[in-house]
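Reviewing the structure listed below.
The values are calculated or read from the model by the stated rules, or taken from the named source; none is laboratory data. Fair warning: this is a prediction, and the values are worked out from it, not measured in the lab. No Cβ is skipped: glycine too gets one built from the backbone with ideal geometry, and neighbour counts run over all protein chains shown. The protein model used for the area step is the full one, side chains on, heavy atoms only, and it has no ligands, DNA or RNA in it. Shrake-Rupley method; radii C 1.70, N 1.55, O 1.52, S 1.80 Å.
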Amino acid sequence: MKLFECQHCGQTLYFENTECERCGSALGFLSDEMQLSALSPDRDVFRPLTDPQREMRYCANATHDACNWLVPADASQPFCTACRLNRTVPDLGNAGNVLLWRRIEMAKHRLVYGLLRLGLPVISKFDDRERGIAFDFLSGLGAPGAAENPVITGHNRGLITLDVAEADDALRARNRRDMAEPYRTLLGHFRHETGHYYWDRLVRDTVWHGSFREMFGDERRDYSEALSTYYANGAPTDWQASYISAYATAHAWEDFAETWAHYLHIFATLETAGAFGLTICPQVREGEKTDFRGADPHDFDRLMAAWIPLTVAVNNLNQSMGQDDLYPFVLAPTVMGKLRFVHGLIFGASL
């Protein structure tokens with residue numbers, strides 16, 4: 001995630017900001033420019049200081065404090081690029097649902113920012129029913145506006161379903177423990193499920209399909225049976241030698257989705273480190289500095305050369321505070337090969 005700057009006063013801004021803390025300017029995100037802009041009100045529209053000729057308005061979900069993205073003032077639909085992906089939202093007549101939904105939208109907007117940053121197609125099912133993507137945010141049994149059946153988070157032909165309860169910190173922590181998923185987060189859910197979507201878009205029946213099977217396995221293996229086996233028996237004891245997570249062992253599709261999500265984690269975190277101007281130079285002995293501002297996003301080897309020392313540093317910072325590792329993963333050579341596959345898929349590079 002980048003840092004931004006108020007075009008009116010020069011104050012440092014962050015992605016979710018809606019008002020500059022220094023000068024009070026209203027702020028809005030322009031997804032086509034990937035820029036958070038200070039806004040100049042002009043009657044019933046806003047003119048972004050990054051491009052004062054444009055007339056913009058806030059996404060309709062700004063009325064719920066759930067979005068700070070902008071749409072052209074003359075647009076025929078009221079939602080921004082990110083919110084137009086929503087097919088179902090929870091009952092917003094309930095204050096508890098609104099709070100959970102705002103957390104969901106914060107994670108989803110970061111997801112969409114990352115996808116756009118990587119140049120990936122982000123198309124709503126409202127615009128392309130067959131190849132687009134959509135989200136159903138559903139409440140489980142007993143909640144306001146609840147679904148008739150338990151909500152199962154998952155993906156089906158571009159439709160991603162999420163149980164709104166996943167935005168409840170206590171419930172998610174319990175699920176993290178019960179399901180042995182140390183990195184269970186809303187953003188992680190989104191990145192994982194979009195991995196399934198982009199597998200359909202970028203791998204299925206393409207020149208990448210054969211290489212995928214060689215690296216991740218044959219996705220034609222019965223999926224339901226594979227998941228049943230995983231939940232009954234768990235992962236092999238040596239899973240870290242070949243997989244990014246225990247769940248990745250369940251099926252080739254899950255292996256890809258977990259690896260895809262992890263690559264998005266890496267790319268976003270390195271961008272953030274670079275935006276803050278971080279450098280790492282361990283003081284035990286003199287050595288070469290790792291400067292995250294210089295990591296070429298198209299160069300997989302340089303990304304990994306920056307990523308490893310960053311994870312060592314943040315894990316030690318956490319341990320100094322008596323916390324568990326922020327990054328509890330091991331990148332074995334086979335896992336690095338799978339990450340390289342995802343990198344090549346996204347950037348069109350040769351493996």
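Restricting attention to the range 25-42, does a residue exist that is surrounded by 13 or more Cβ atoms within 10 Å (Cβ to Cβ), touching a residue at least 40 places away in the same chain (Cβ under 8 Å), farther than 29 Å from D127 by Cα and of a type in the set (S, T, N, Q)? Spell out how you get there, then give the answer.
Residues of the range 25-42 that are surrounded by 13 or more Cβ atoms within 10 Å (Cβ to Cβ), as a first pass: 25-31, 33, 35-40.
Then drop every residue that is not touching a residue at least 40 places away in the same chain (Cβ under 8 Å), which leaves 27-31.
From what is left, the residues that are farther than 29 Å from D127 by Cα are none.
No, that holds for no residue.
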request  = Go through the range 325-351 residue by residue and tally those that are in contact (Cβ under 8 Å) with a residue 24 or more places away in the chain and of a type in the set (D, E, K, R).
outcome  = 2
message = Would you confirm, using the coordinates I've provided, whether R47 is among the charged types (D, E, K, R), surrounded by fewer than 22 Cβ atoms within 10 Å (Cβ to Cβ), more than 25 Å from I104 (Cα to Cα) and modelled with pLDDT under 95?
response = no
ask   = Do you know which residues across the range 195-243 are of a type in the set (F, W, Y), under 25 Å from the mean Cα position of the chain (by Cα) and open to solvent by 40 Å² or more (accessible area, probe 1.4 Å)?
value = W208, Y223, W239, Y243
ask   = Would it be correct to say that P90 is at pLDDT below 95 and either charged (D, E, K, R) or part of a strand (DSSP E or B) (or both)?
value = no
task = Report, by residue number, each residue of the range 1-10 that is more than 25 Å from the chain's Cα centre (by Cα) and surrounded by fewer than 16 Cβ atoms within 10 Å (Cβ to Cβ).
result = C9, G10
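So how many residues does the range 4-31 have that are within 18 Å of N61 (Cβ to Cβ) and part of a loop (DSSP other than H, G, I, E, B)? Spell out how you get there, then give the answer.
Applying the first criterion (within 18 Å of N61 (Cβ to Cβ)) to the range 4-31 yields 15-19, 26-31.
Still in the list and also part of a loop (DSSP other than H, G, I, E, B): 15-18, 31.
Of the residues in that region, 5 qualify.
Looking for whichever is within 30 Å of R201 (Cα to Cα) and either open to solvent by 30 Å² or more (accessible area, probe 1.4 Å) or part of a strand (DSSP E or B) (or both) here; the options are R57, R84. Which one fits?
Working: R57 fails: within 30 Å of R201 (Cα to Cα).
Result of the check over R57, R84: R84.
Residues that are part of a helix (DSSP H, G or I), of a type in the set (G, A, S) and without any contact (Cβ under 8 Å) to a residue 40 or more places away in the chain: does the range 271-287 have at least one?
Initially, the range 271-287 is screened for residues part of a helix (DSSP H, G or I), giving 271-275.
Next, from what is left, pick out any that are of a type in the set (G, A, S): 273-275.
Checking which are without any contact (Cβ under 8 Å) to a residue 40 or more places away in the chain leaves us with 273-274.
Yes, because at least one residue in the range 271-287 is part of a helix (DSSP H, G or I), of a type in the set (G, A, S) and without any contact (Cβ under 8 Å) to a residue 40 or more places away in the chain.
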ask   = Just a yes or no: is a residue in the range 125-145 outside any loop (DSSP other than H, G, I, E, B), among the polar types (S, T, N, Q) and modelled with pLDDT of 95 or more?
value = no
key: Residue tally, condition surrounded by 22 or more Cβ atoms within 10 Å (Cβ to Cβ) and not in a loop (DSSP other than H, G, I, E, B), over the range 66-81   = 3
query = For the range 87-112, what are the residues that are out of contact with any strand residue (DSSP E or B) (no Cβ under 8 Å at 6 or more places or on another chain), crowded, with 16+ Cβ neighbours inside 10 Å and either touching a residue at least 60 places away in the same chain (Cβ under 8 Å) or over 22 Å from A26 (Cβ atoms) (or both)?
reply = L100, R103, M106, A107, R110, L111, V112
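Tell me whether the range 173-194 contains one or more residues that are outside any helix (DSSP H, G or I), in contact with a helix residue (DSSP H, G or I) (Cβ under 6 Å, 6 or more places away or on another chain) and open to solvent by less than 40 Å² (accessible area, probe 1.4 Å).
Kept after step one, since they are outside any helix (DSSP H, G or I), are these residues of the range 173-194: 179-185.
Those left that are additionally in contact with a helix residue (DSSP H, G or I) (Cβ under 6 Å, 6 or more places away or on another chain): 184.
Those left that are additionally open to solvent by less than 40 Å² (accessible area, probe 1.4 Å): 184.
Yes: the range 173-194 contains one or more residues that are outside any helix (DSSP H, G or I), in contact with a helix residue (DSSP H, G or I) (Cβ under 6 Å, 6 or more places away or on another chain) and open to solvent by less than 40 Å² (accessible area, probe 1.4 Å).
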